[in-house]
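What follows is a short report on a single structure.
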Amino acid sequence: MGAEQVRARFTELYGAEPEGVWAAPGRVNLIGEHTDYNDGFVMPFALPHRAVAAVSRRTDGVLRLHSADVDGGVVELAADALAPESDTDWTAYPAGVVWALREAGHPVTGADIHLASTVPTGAGLSSSAALEIVVALALNDLYELGLERWQLARLCQRAENVYVGAPTGIMDQTASACCEEGHALFLDTRDLAQRQIPFDLAAEGLCLLVVDTRVQHAHSSGEYGKRRAGCEKGAALLGVDALRDVPYDTLDDALARLGDEEEVRRLVRHIVTENHRVERVVALLAAGEVRAIGPVLTEGHASLRDDFRVSCPELDLVVHTALAHGALGARMTGGGFGGSAIILTDSAAVPSLTAALEKTFTEAGHTTPRTFEATPSPGATRLD
Ligand code: ADP
Ligand code: MG
């Protein structure tokens, strides 16, 4: 998705050149799933797929929105009439960002926005955060708000939680705003402390395949909320602020204290072991042992499937097929119930692996998955 194309379409729609063009990527999470609403660790990296937005300021309180990827014309809203959960379509994401900025006291007096995105939607690759962050970054620059990347991420999370009404954690927005090319982002979601971890797959002859099962996940549906509530119950029963505060080496004791709360025990076990897996992956990558992270990814999948129970047959089939064809590791990524899986594999094995996935999916009567190689790409940026 080029800046020129988006700029030209903006000019066509609104009759004047945009003041600038910005981009923000989708992300894939390497490890650390469902930990971000437990104050835990995550490790996403930015995809080459991104949302691009051409934006101009307005002084009359009008917000005009257009997406190249949605049928329909320009949507016009009044900035001072924006209210949580009033928009039920895609415009809620950019409008929510304007709402969140204004709520926080920032003088955003309107905007013309045209955007286009190559991030697959509803595939667990964070097309929503890409949309929010590209708009937030553009308005931050144009209105000279001086907000830091992590602050933009917080505001966009608020837009998604309160305005859109989707109870998501802070990972997606921070990844889109803060990731760097060639690196995975080790993020502590409690205080947003960040470490850029070099993640050079090509140097090792490796490849990270993303497999979009094309099963649509539904974040705001009940299951996500139930897991969240279960984690909060676990923290309360254990007397901690968040499950992040349960050290890995005290897990057995914590599980014993949960007695016959079997459902909560499973959720707690996943979160505590998953935070530990993130730390193990960070240590392995720091030691240059990229291949060795494979089994940790696979362990993470088993935990999400058996303890957290957010996988689905298609995701399990990807992981099973990948491992049967020599992959180093594989796991579902994102919230689950569909969406995407990742596979760590030798680059040479990609063609045979892709063919095997197509074959097994066809045999099982599933839609053929969409597969692409993901290289750690730049975070949000101004293009021109
Ligand atoms: P994910 O973030 O995993 O892709 P979400 O359900 O959180 O899934 O967000 C997907 C929603 O984001 C879409 O249903 C749509 O409303 C909005 N969206 C994403 N990309 C675009 C786009 N290019 N144009 C308009 N809306 C988009
Ligand atoms: Mg999303």
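Quick check, is S86 among the polar types (S, T, N, Q) and in contact (Cβ under 8 Å) with a residue 12 or more places away in the chain?
no
Does Q173 satisfy the condition of being open to solvent by 10 Å² or more (accessible area, probe 1.4 Å), within 12 Å of ligand 2 (Cβ to nearest atom), modelled with pLDDT of 95 or more and of a type in the set (S, T, N, Q)?
Here the answer is no, as Q173 does not meet what is asked.
Can you spot a residue in the range 196-209 that is farther than 30 Å from F372 by Cα and aromatic (F, W, Y)?
Within the range 196-209 (the criterion being farther than 30 Å from F372 by Cα and aromatic (F, W, Y)), the answer is no, since none of the residues qualifies.
Would you check if G40 is open to solvent by less than 10 Å² (accessible area, probe 1.4 Å), touching a residue at least 24 places away in the same chain (Cβ under 8 Å) and either more than 23 Å from the chain's Cα centre (by Cα) or closer than 30 Å to A302 by Cα (or both)?
yes
In the range 116-152, which residue that is buried (at least 18 other Cβ atoms within 10 Å of the Cβ) and charged (D, E, K, R) is farthest from ligand 2 (Cβ to nearest atom)?
Restricting to residues being buried (at least 18 other Cβ atoms within 10 Å of the Cβ) and charged (D, E, K, R), the top hit is R149.
Criterion first (within 16 Å of ligand 2 (Cβ to nearest atom), farther than 15 Å from F41 by Cβ and in a helix (DSSP H, G or I)) does R269 satisfy it?
It is false that R269 is within 16 Å of ligand 2 (Cβ to nearest atom), farther than 15 Å from F41 by Cβ and in a helix (DSSP H, G or I).
Conditions first: (1) in a strand (DSSP E or B); (2) within 16 Å of ligand 2 (Cβ to nearest atom). W90 passes all but one, so which condition is the exception?
W90 satisfies every listed condition except (1).
What about D112, is it away from ligand 2 (no atom under 16 Å from the Cβ), surrounded by fewer than 23 Cβ atoms within 10 Å (Cβ to Cβ) and at pLDDT 95 or above?
no
Within the range 78-109, count every residue that is open to solvent by 40 Å² or more (accessible area, probe 1.4 Å) and within 15 Å of ligand 1 (Cβ to nearest atom).
6
Is there any pair linking a residue in the range 226-255 that is touching a residue at least 40 places away in the same chain (Cβ under 8 Å) to one that is open to solvent by 90 Å² or more (accessible area, probe 1.4 Å), with Cβ under 7 Å and at least six apart or on different chains, and which?
These pairs meet every condition: A235/D241.
The values are calculated or read from the model by the stated rules, or taken from the named source; none is laboratory data. What you see is a predicted model, and the numbers here were worked out from it, not measured in a lab. So basically every Cβ, Gly included, is an ideal-geometry build from the backbone, and we count neighbours across all protein chains shown. The area values use the complete protein model at the heavy-atom level, side chains included, leaving out ligands, DNA and RNA. Shrake-Rupley method; radii C 1.70, N 1.55, O 1.52, S 1.80 Å.
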